[in-house]
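Here is the structure we will look at, set down as C-alpha cells.
The values are calculated or read from the model by the stated rules, or taken from the named source; none is laboratory data. Since we're looking at a predicted model, the values are computed, not measured. Here Cβ is always computed from backbone atoms with ideal geometry, including for glycine, and neighbour counts include all displayed protein chains. What goes into the accessible areas is simple: the full protein's heavy atoms, side chains included, and nothing from ligands, DNA or RNA. Shrake-Rupley method; radii C 1.70, N 1.55, O 1.52, S 1.80 Å.
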Amino acid sequence: MLTKRIIPCLDIKNGRTVKGVNFVDLRDAGDPVELAAIYAASGADELVFLDISATEERRRTLADLVLRVAEKVNIPFTVGGGISSVEDVDILLQNGADKVSINSSAVKDPDLINRLASKFGSQCITVAIDAKLIDGKWIVHLVGGKVPTELDLFEWAKEVEKRGAGEILFTSMNNDGTKNGFANEALAKLSSELNIPIIASGGAGTMQHFCDAFLVGKADAALAASVFHFKEIEINDLKIELRNNKIPVRL
Amino acid sequence: MKIAIIDYGAGNIQSIKFAIKRLGFEAVLTNDEDEIKAADKVIFPGVGEASSAMKMLRNSKLDTLIPKLTQPVLGICLGMQLMCAHSEEGDTTGLSIFEVPVLKFNNSLKVPQIGWNQITNLSTPIFSEIKELEYVYLVHSYYVAECDETIATSEYGVKYSTALKKDNFYGVQFHPEKSSDAGEKILKNFLEL
C-alpha cells in the first residue's frame, strides 16, 4: 500500500540551514547535509530544501549543496527557491535532486511548467502554491506569501496540473507558523478536485495535526519544519501515532 | 569489478553513482559499446518519457546492444519499462527483453504514484535478506502487470510488477538508490550476483 509521506523542510541560505535547529547531536547545526542524513536515518520519507538566499552565487552554491546531499542521503529530496528556467532545473537534477519545486516563476510564466514537464517528466516537477484565505476566497500569494495575485488557489492548482505538474505543495499562509493545524478544508478540496498528489504545509504543531491533514485534509504527504528541527515531534513517534490511527506509513 | 551505468542522457544518474560509491564500488557512466560489453555489471537507468528515451537509445545504437548483453543488467524505473515490448507512454516499442506491455495507471488513482510502497512475493537473489512487505520508493505513471517474469509485486489500484527477471536481465520499478537501507541492500545484492 502506498504510504503517506512525512517531509521535513530545511530552509537554506548561502548553503547553510537558517532556521534555528535544536539538534544537540549535530556537530555543525548549520550543515544541511548532516541534518539531512539525520532525518533520513530517523525515518523521514523525503526532504525539501528551500533556498532563500539572494546572492549572485546562489545558483552555484545550491547546485553544490545538492551534489553533497545526493552523495550522503539515500532518500528522495526536492529543491526549491528561485528556480526559474530549464537550465536551473537541469543542473539540479543532474547533481542528484529528485524533484524541483517552483513557485513564483510558475505564476509569472505558467508555460515554464509545460517546458519543464516535457523535458524532465512530470514526476520531478512540484509546483508550490502559497495561498491566503481572504473574505472566503483562497488567493494565491507570491514572495513567501507577501504579495497577493489575482489567482484563485483551486483554479490555479487545476491549471498547474493540466500544464504537467507532478505534485502540488500547498502552504496556507493563514496557518503557517501558527502551530494550530493544517488548512484541512482547502486541502480536502484540492485533493478531491485534482488527480496528482498534494503535500500539506503550514500549521503543524502536534501529532494530531498530521493525523487530521491525512484523515480530514486527504493529503498525500505533510511537510513541516520547526516541529522537527526543535524536536517537538520525533518522526518515529509521529509515524507510530499515525499508524495507530490507521494511516499507512513506512515504519 | 567493473560497473557500467548506461549513459543516454536520461535523468538522475548521479544518485545511482553515489549509492554505488556508498556500497564501496565505483561505476563509470558510459555509452561506449566496448566499455559496456566489458563491464561485469550494467545498470540501465532512466527517468523521463518513454518514447523520447527510446529515440535517444536508437540514436546511440544502444537499443541493439542492450538486449545482447550477457552479464547481469539492472534496469531501474523507466529503464525497466524500456526493457519491455511496448509502452503506452508515447506509444513506443521497447527493447522486448520482457515480452510484456507497459500500461498507464487508471485515472481513478492519483498519477504519478509518488512515495513509498511495499513489495511482496519476492524471489531471486537480488531480494536476498529483504523482508516481505519492505518499503521502496517509487515515482511512476505507468506500470507492468503481473507476468511470468515478475519477481516482486506491489499494489496501486491493481497488483503489478515492481520487479522483473529474465535470464541475466533484471528490472526494478522502484529506485533502489533512493529506497533507504533496503534499496542499498538490493543494489548490493545485484552487484554481488
For A:Gly144, only one of the following conditions fails: (1) open to solvent by 30 Å² or more (accessible area, probe 1.4 Å); (2) at pLDDT below 95; (3) within 14 Å of chain B (Cβ to nearest Cβ). What is its number? (3)
All conditions in (1) part of a helix (DSSP H, G or I); (2) out of contact with any Leu (no Cβ under 8 Å at 6 or more places or on another chain) are true of A:Asn180 except (1)
Report every pair of residues separated by at least 6 positions or lying on different chains whose Cβ atoms are under 6 Å apart, first residue within segment B:92-118 and within 14 Å of chain A (Cβ to nearest Cβ), second assigned to a strand (DSSP E or B) and among the β-branched types (Val, Ile, Thr). B:Pro112/B:Val139; B:Ile114/B:Val139
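Check whether at least one residue in segment A:172-180 is within 14 Å of another protein chain (Cβ to nearest Cβ) and buried (at least 23 other Cβ atoms within 10 Å of the Cβ), and report yes or no.
No: zero hits.
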List pairs: first residue in segment B:30-59 and over 22 Å from B:Val139 (Cβ atoms), second residue open to solvent by 60 Å² or more (accessible area, probe 1.4 Å) and polar (S, T, N, Q) anywhere in the structure, Cβ distance under 6 angstrom, at least six positions apart or on different chains. none
Looking at the structure I just gave you, is B:Lys166 of a type in the set (D, E, K, R), surrounded by 24 or more Cβ atoms within 10 Å (Cβ to Cβ) and touching a strand residue (DSSP E or B) at 6+ places or on another chain (Cβ under 7 Å)? no
Breaking point among (1) in contact with a Pro (Cβ under 7 Å, 6 or more places away or on another chain); (2) outside any strand (DSSP E or B), for A:Asn175: (1)
Within segment A:199-218, track down each residue that is buried (at least 20 other Cβ atoms within 10 Å of the Cβ) and within 11 Å of another protein chain (Cβ to nearest Cβ). A:Ile199
For A:Lys99, which of the numbered conditions (1) more than 10 Å from chain B (Cβ to nearest Cβ); (2) among the basic types (Lys, Arg); (3) surrounded by 16 or more Cβ atoms within 10 Å (Cβ to Cβ) fails to hold? (1)
Could you run through segment A:100-117 and say how many residues are in contact with a helix residue (DSSP H, G or I) (Cβ under 8 Å, 6 or more places away or on another chain) and closer than 17 Å to A:Glu87 by Cβ? 11
Please pick out the residue among A:Ile196, A:Ile247 that is open to solvent by less than 40 Å² (accessible area, probe 1.4 Å) and touching a Phe, Trp or Tyr at 6+ places or on another chain (Cβ under 7 Å). A:Ile247
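Table: residues versus (1) at pLDDT below 95; (2) closer than 20 Å to B:Ser96 by Cβ; (3) open to solvent by 10 Å² or more (accessible area, probe 1.4 Å); (4) within 14 Å of chain A (Cβ to nearest Cβ).
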{"position": "B:Asn12", "(1), (2), (3), (4)": "yes, no, yes, yes"}
{"position": "B:Leu23", "(1), (2), (3), (4)": "no, no, yes, yes"}
{"position": "B:Glu33", "(1), (2), (3), (4)": "no, yes, yes, no"}
{"position": "B:Ile36", "(1), (2), (3), (4)": "no, yes, no, no"}
{"position": "B:Ile43", "(1), (2), (3), (4)": "no, yes, no, no"}
{"position": "B:Ala50", "(1), (2), (3), (4)": "yes, yes, no, yes"}
{"position": "B:Leu62", "(1), (2), (3), (4)": "no, yes, no, no"}
{"position": "B:Thr70", "(1), (2), (3), (4)": "no, yes, yes, no"}
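If you take the residues in segment B:123-143 that are among the aliphatic types (A, V, I, L, M) and touching a strand residue (DSSP E or B) at 6+ places or on another chain (Cβ under 7 Å), which one is most open to solvent (accessible area, probe 1.4 Å)?
In the first step, residues of segment B:123-143 are kept if they are among the aliphatic types (A, V, I, L, M); the result is B:126, B:130, B:133, B:136, B:138-139.
Next, from what is left, pick out any that are touching a strand residue (DSSP E or B) at 6+ places or on another chain (Cβ under 7 Å): B:126, B:133, B:136, B:138-139.
Values: B:Ile126: 2, B:Leu133: 89, B:Val136: 0, B:Leu138: 0, B:Val139: 17 Å².
Looking at the filtered set, the residue picked out is B:Leu133.
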It is to be established whether one or more residues within segment A:59-68 are in contact with a Leu (Cβ under 9 Å, 6 or more places away or on another chain), modelled with pLDDT under 95, at positive phi and within 14 Å of chain B (Cβ to nearest Cβ). no
Condition first: out of contact with any strand residue (DSSP E or B) (no Cβ under 6 Å at 6 or more places or on another chain), surrounded by 16 or more Cβ atoms within 10 Å (Cβ to Cβ) and over 19 Å from A:Pro197 (Cα atoms). Now tell me which residues in segment A:120-141 satisfy that. A:Leu133
Okay, helices (runs of 4 or more DSSP H) sitting entirely in segment B:1-99 with 1 or more residues that are of a type in the set (Phe, Trp, Tyr) and at positive phi, I get none
Hey, does segment B:144-153 have a residue that's open to solvent by less than 30 Å² (accessible area, probe 1.4 Å), touching a residue at least 40 places away in the same chain (Cβ under 8 Å) and not basic (Lys, Arg)? yes
Can you list residue pairs whose Cβ atoms sit under 7 Å apart, with the first residue in segment A:177-188 being under 19 Å from A:Leu153 (Cα atoms) and the second being among the basic types (Lys, Arg) and open to solvent by 70 Å² or more (accessible area, probe 1.4 Å)? Count only pairs 6 or more apart in sequence or on different chains. A:Leu187/A:Lys218; A:Ala188/A:Lys218
Of all residues in segment B:124-179, which are away from chain A (no Cβ under 14 Å) and part of a helix (DSSP H, G or I)? B:Pro125, B:Ile126, B:Phe127
